[in-house]
Amino acid sequence: MVVGDIETGTDVLVIGAGPAGYVAAIRAGQLDLDVTLVEKDAYGGTCLNHGCIPSKAMITASDLKYEAEHAEEMGIHAAPAVDLSKMVDWKDGVVDQLTGGVEKLCKANGVNLVEGRAEFDDDGRVRVAHGGQGQGAETLAFEHAIVATGSRPIEIPGFSFDDDPVLDSRQALALDTVPDDLVVVGAGYIGMELSTVFAKVGADVTVVEMLDDVLPGYEDDVAEVVRDRAEELGIDFYFGRTASGWESTDEGIRVHTEAAEEVEAAADGGEVAFDADKVLVAVGREPVTDTLNLEAAGVETDDRGFVPTDDRARTNKEHIFAVGDVAGEPMLAHKGSAEGTVAAEVIAGEPSAIDYQAIPAAVFTDPEIGTVGLTEDEASEEGFDPVVGQFPFRASGRALTTGHAEGFVRIVADEPSGFVLGAQVVGPEASELIAELGLAIEMGATLEDVASTVHTHPTLAEAVMEAAEHAMGEAIHTLNR
């Protein structure tokens, strides 16, 4: 402890107030533990302030503009104008409402809130440096600690986020004017979501991706639906390329790319340059663990900076836990919240553990993607005998009435037992539809359970029922195999 510091103690110290940390703190408070939550920036973390919520707000607004502009087939003619500054103000209002709610919920559950940056002194103390000149520091002793410091965008060589034309996702969501030309580096979920937003509000978007397709990690036919739709929106793709640098020009900037070694055969020759006003770098995220002095606490990290944990969110130090993005893939807010709940309950002596098999993932592109559980190939690799049912949205009456009939619902089950193992949805409201299939996996439902559940007509959710029927060879509104 530094001489002059004030030292206080707490049962549970939570570092980071994002969806993993604030949920852990609230749950620990509900379990009558003395909880202190340290946050250096803003309550709600990246998700509420700069990621999940603001991006979905911008997606909703850009969708509204685009749908109004392209509804001639329905007999609607409009030419909406975009005031991006006002759109961002509206987005910020949504964010402020939610982050204010997080702070109130923490206080209502007895959580002590401390503003500052925490760094471990040893495995029982942290020093919290308060922001602002002359604000000083304090030392907090703890019985248990939960590390929930989240993640940050990865910078690539030659593209510093401190340079004005170079944007990370947070900066892109704060622009007050629409760039005429935008280059996006990376075709993962963040790159694809934001490419779609800017294309819909009027930017000419070019996406540069090192690999040979969009959305690595998703099945080819799922990614294909999203890529085809993006191309319809006017987004240009250059696969097998890496961004090597940029330079200022009289008109803006020029982004230089070169063939990626990993996919050199798929790349178009050597160097190719693209003129733009801004360049958005969205190549992934990395854990924020380098600021914590974890070595002093004896907490181990892997070679990427993530903190390995067990199914109770414990690190190699049994009284120190890690939850959310710092604990590794999948880097999803709801996964972090689930881990935060488990960590708090384990500390309180509850028999709690994390089950990752039914954690869904969603991509809010156009159309959306929702996945949960195993793919057909993964099910085979794990020793199951999979059966697959699929229902196209073009056969859904409700999908047709929305004007969005791209994509499908696919359900994967174990043929001998009928147990649902996984699902992939690409199409309208996929992020909502996947919840039913996650519940099916969690509760051990069979294809018959899903198929015999009467679904409201006409709804998109009927496609889930029809996919289960298709797997059983009993589909009504699509041909059985």
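The values are calculated or read from the model by the stated rules, or taken from the named source; none is laboratory data. This is a predicted model, so every value here is computed, not measured. Neighbour counts run over all protein chains shown; Cβ positions are idealised from the backbone, glycine included.
Table for the structure above
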read-out	value
Residue match in region 306-326 (condition: modelled with pLDDT under 95, surrounded by fewer than 18 Cβ atoms within 10 Å (Cβ to Cβ) and of a type outside the set (Gly, Ala, Ser))	no
Out of GLU474, GLU448, GLU466, sole residue that is in a loop (DSSP other than H, G, I, E, B), of a type outside the set (Gly, Ala, Ser) and touching a residue at least 12 places away in the same chain (Cβ under 8 Å)	GLU474
Of all residues making up region 451-463, the number that are in contact with a Ser or Thr (Cβ under 8 Å, 6 or more places away or on another chain) and part of a loop (DSSP other than H, G, I, E, B)	2
Failed condition for THR301, given (1) surrounded by 15 or more Cβ atoms within 10 Å (Cβ to Cβ); (2) free of Cβ contacts under 8 Å to residues at least 40 places away in the same chain; (3) closer than 18 Å to VAL346 by Cα	(3)
Some residue of region 461-475 being over 22 Å from TYR218 (Cβ atoms), surrounded by fewer than 17 Cβ atoms within 10 Å (Cβ to Cβ) and out of contact with any Leu (no Cβ under 7 Å at 6 or more places or on another chain)	yes
Criterion violated by LEU182 - all others in (1) surrounded by fewer than 22 Cβ atoms within 10 Å (Cβ to Cβ); (2) among the hydrophobic types (A, V, I, L, M, F, W, C); (3) under 26 Å from GLU261 (Cα atoms) satisfied	(1)
Enumeration of residues in region 297-325 that are in contact with a Gly (Cβ under 7 Å, 6 or more places away or on another chain) and part of a helix (DSSP H, G or I)	GLY324, ASP325
Of all residues making up region 211-245, the number that are crowded, with 21+ Cβ neighbours inside 10 Å and in contact with a Lys or Arg (Cβ under 7 Å, 6 or more places away or on another chain)	1
Qualifying positions in region 14-40 - assigned to a loop (DSSP other than H, G, I, E, B) and in contact with an Asp or Glu (Cβ under 9 Å, 6 or more places away or on another chain)	GLY16, ALA17, GLY18, LEU31, LEU33, ASP34, LYS40
Residue that is surrounded by the fewest Cβ atoms within 10 Å (Cβ to Cβ) [pool: residues in region 132-152 that are within 29 Å of the chain's Cα centre (by Cα) and not in a strand (DSSP E or B)]	GLY150
Given (1) touching a strand residue (DSSP E or B) at 6+ places or on another chain (Cβ under 7 Å); (2) modelled with pLDDT of 95 or more; (3) not basic (Lys, Arg), number of the condition ALA129 does not satisfy	(2)
Hits in region 396-445 (condition: assigned to a helix (DSSP H, G or I) and over 23 Å from GLU67 (Cβ atoms))	ALA435, GLU436, LEU437, GLY438, LEU439, ALA440, ILE441, GLU442
Conditions (1) at pLDDT below 95; (2) touching a helix residue (DSSP H, G or I) at 6+ places or on another chain (Cβ under 6 Å): number failed by VAL214	(1)
Exclusive hit being outside the structural domain of VAL299 (by TED's automatic domain parsing) and touching a strand residue (DSSP E or B) at 6+ places or on another chain (Cβ under 6 Å), set LEU400, LEU421	LEU421
Single residue of ALA71, ALA25 found to be in contact (Cβ under 8 Å) with a residue 60 or more places away in the chain, surrounded by fewer than 22 Cβ atoms within 10 Å (Cβ to Cβ) and aliphatic (A, V, I, L, M)	ALA71
